[in-house]
Structures are given as C-alpha cells and as structure tokens.
Amino acid sequence: MPELPEVETIARWLREGSPEGPALLGRTFQAVEVLWPRTLAAPDPATFIARLPGRRVTAIGRRGKFLRIWLDDGAVLLLHLRMSGDLRWQPPPAAAPHPHDRLVFHFADGWRLGFNDPRKFGRVWLVNDEQTVLGDLGPEPLDPAFSAEDFYARLRRSRTRLKALLLDQRFLAGLGNIYADEALFQAGLHPLRPAHTLTPPEAERLFHAIRQVLQAGIAHHGASIDWVYRGGDFQNHFAVYRRAGQPCRRCGTPIQRLVIGQRGSHFCPHCQPPPEG
DNA sequence: ATGAAATCCTGGGGGC
DNA sequence: TGCCCCCAGGATTTCA
C-alpha cells in the first residue's frame, strides 16, 4: 500500500532517475494510451489523450499520497496509487504493455511509463487547479511549519478514535494503515483512544512518532509488501504491522490485531494501554 | 457528529 | 493439485 514514504520515494526517482529507468523530469509526452478508462478521474479520455502530447514535465512533487507532475502549460498531472498502483518504466523496443497497465505514457526515445494497478483503485487527474483535488487534505506531517501545538489543537477537536483519525486524510495527509499503526506503537498510544483525551505530552509524543516513522520509511525507500515492489525494505523494520501473535520487540507481549473502522489494527496491549472502558 | 456499511477490484491465502 | 470462498485495503458514498 503506497503511503507517504512510498510516494515520496517514487517522486524522487521520477525526478532524479533510478536503476529502474530514466528521470521523468524534463521529458515531453509524445502520446498516452488509456487501457482502463476508469483510472482517469478527469478529464475524459478523449480530452486527456489530445491534451498531453507535446507537454513537458517542469517539476515533480508530492502532497499526501498524491504524486504531482507539473506541466509546461500550467496544468498538473495528479496520480493516486491507492492500494496497488505503481509506475513502471519500460525500455525500447516497443513491447506489449504489462498485464495490469491502466495508462501508458510514451516518449520520443521509445521509453514508456506505465501506470500499473492490478486492483484498479488508482486514479489520475489532469487539472489546471490542483486545489479542486487536493483542497481538503490536512497538513503535511513533515512540513516544518506544522507544529506539535497545531497537532494537539487538531486532536482536541475530535472525539474519534486515534486510529480512524490518523487515516483521515483531511486530518493529516499521507498516513495509511502501516504507518498509522507504527506511529501509535512508537508513541505508546492505544488505537482506540479518543483523540480529545490525549494530554499535551501524549500529543507531542504522537507528533514526533509520526514524523519518525515516516522519515524512517523514506530512509528505507518505503516498504515492499504483497506484490508491490519499489525496492524498499522498511517492511523488515515493522514493530507491529502484520505481526499479530508475534512478540512485541519492546516487551515480548504478543501483538494483538483488532478491526477499527474496517481496518486491521496492530498494537501491543502492554506498551499501548487501552483507554478506560 | 459520528460511525458503520457498502462500494470498487483482484491476487492470494485458507480450507477442503 | 485444484477449486471455491473470502478477504485486505484507500477513499468515497450512503445509510443509521
């Protein structure tokens, strides 16, 4: 599941080039194939196919879990990988698309960049004003301007359980199931704690834990789980995620799994004491 | 306001 | 070995 660290890794590789392929930055689109139209959130396929050729990539970045590719006509290509999305370079000569390619971008030198997405949940937008898509996102966790005080103030406004709140992209942008569980463990906070019950020290602990796990994830080039492989190895450093029944690395108590807000949640019942009731 | 449930999808895992 | 069933998981939409 690509979350903030995985998307950040992909953005860097597209910007700088990687062992898997060249940089996307500075390239000009020659053509685009739409193999699964529902991947395209906006505009409609005909408009998309007509508009992209000739456009040059001027910058590449990230907001939350969205990949942002700015074009020389002022438009922005936004990609959300959701569950199983990935971007894969294919070198020339031309060959059949990969089995789960939904969009394929073509370049003049024969390289192709495929938006590959087995589960078809990923979405792509080509818009003039990115705010129409990104407008409701919460703060960037790693933004230097975002402070522990801001975070505490936001927590106090919600009675929602911590786990569900951390996954709400309007509350905070970029966390998914893996990093939410890891951050809660790191902070020693139970996923069922109502957000407004956190003390200022607890909020500060969670704030720093979130930043720490995200930065660790980025340093490891993200996590490679299931069949989504980005070359990262953070999956070998999980403290709780998908470790139900295995001993807590800190105290040895078996890790528990609970479904919260339809999401599997993993935690140590000893290091993360449950709320009252 | 809050949250639960349904929805979209398919590869993979468990059960037999 | 193979078949069937069911499930995870992000985000949105709908229902209670």
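The values are calculated or read from the model by the stated rules, or taken from the named source; none is laboratory data. Because the structure is predicted, anything quoted here is derived from the model rather than measured. When we count neighbours, we look across all protein chains shown, and the Cβ atoms used for this are built from the backbone with ideal geometry, even at glycine. The area values use the complete protein model at the heavy-atom level, side chains included, leaving out ligands, DNA and RNA. Shrake-Rupley method; radii C 1.70, N 1.55, O 1.52, S 1.80 Å.
Subtracting the Cα-Cα distance from 0.36 nm times the residue separation, let me have the gained length for A:Ala23 to A:Ala145 in nm, one decimal.
Using 0.36 nm per residue and subtracting the Cα-Cα distance, I get 41.0 nm.
Apolar share of the accessible surface for the range A:4-134: 53 percent from carbon plus sulfur atoms, 1.4 Å probe. Once the C-beta distance of A:Cys251 and A:Asn128 is scaled by a Förster radius of 41 Å, the resulting FRET efficiency is 0.20 to the nearest 0.05. Amide H contacts of A:Ser158 (H built 1.01 Å from N, in plane; Pro and chain starts excluded): A:His196 sit under 5 Å, all sequence-distant by 5 or more or on other chains.
With a Förster radius of 35 Å applied to the C-beta separation of A:Arg38 and A:Ile225, the computed FRET efficiency comes to 0.90. For chain A, the solvent-accessible area of protein heavy atoms averages 44 Å² per residue (probe radius 1.4 Å; ligands and nucleic acids excluded). In sequence order, the range A:84-99 has phi-based couplings of 10, x, 7, 10, 10, 7, 10, x, x, x, 4, 9, 5, x, 4, x Hz under the Karplus curve 6.51 cos²θ - 1.76 cosθ + 1.60, θ = phi - 60°, and Gly or Pro positions carry x. The slack between A:Phe121 and A:His196, meaning 0.36 nm per residue of separation minus the straight C-alpha distance, is 23.7 nm. Helices that extend 27 Å or more along their long axis by alpha-carbon positions and average at least -0.5 on the Kyte-Doolittle scale are, among the DSSP H runs of chain A, A:200-219.
Here the relative contact order of chain A, from alpha carbon pairs under 8 Å that lie six or more residues apart, stands at 17 percent. The sum of -39500 (n - 2.57) across all DSSP H runs of n ≥ 4, divided by the residue count of chain A, sets its helix-only mean residue ellipticity at 222 nm to -7500 deg cm²/dmol.
In this label model, A:His237 and A:Ala153 are separated by 3.2 nm, measuring between points 7 Å along each Cα→Cβ vector.
Taking 0.36 nm per residue of separation and subtracting the Cα-Cα distance, full extension of the segment from A:His98 to A:Gln262 would add 55.9 nm. Counting Cα-Cα pairs of chain A in 5 Å increments starting at 0 gives whole-percent bin shares of 1, 6, 12, 16, 17, 15, 11, 9, 7, 4, 2, 1, 0. Using the Karplus relation 6.51 cos²θ - 1.76 cosθ + 1.60 with θ = phi - 60°, the per-residue 3J(HN,Hα) values for the range A:242-248 come to 6, 10, 3, x, 7, x, 4 Hz, with x marking Gly and Pro. Taking DSSP loops as anything outside H, G, I, E and B, show the longest stretch in chain A free of trypsin sites (Lys or Arg not before Pro) there with at most 14 other beta carbons within 10 Å. Counting at most 14 other Cβ atoms within 10 Å as exposed, the longest clean stretch of chain A is A:1-118. Using R0 = 35 Å, the C-beta based FRET efficiency linking A:Arg12 and A:Asp73 works out to 0.90. Percent of Cα pairs in the range A:148-267 per distance bin of 5 Å, from zero to the largest separation: 2, 12, 21, 25, 21, 13, 6, 1. The Cα atoms of the range A:4-134 give a gyration tensor whose axes a ≥ b ≥ c have a/c under 1.5, which makes the shape rounded.
Note that the range A:129-146 has calculated 3J(HN,Hα) couplings of 10, 5, 4, 5, 9, 9, x, 8, 5, x, x, 7, x, 9, 5, x, 7, 8 Hz, one per residue in order, obtained from phi through the Karplus relation 6.51 cos²θ - 1.76 cosθ + 1.60 (θ = phi - 60°); glycine and proline are x.
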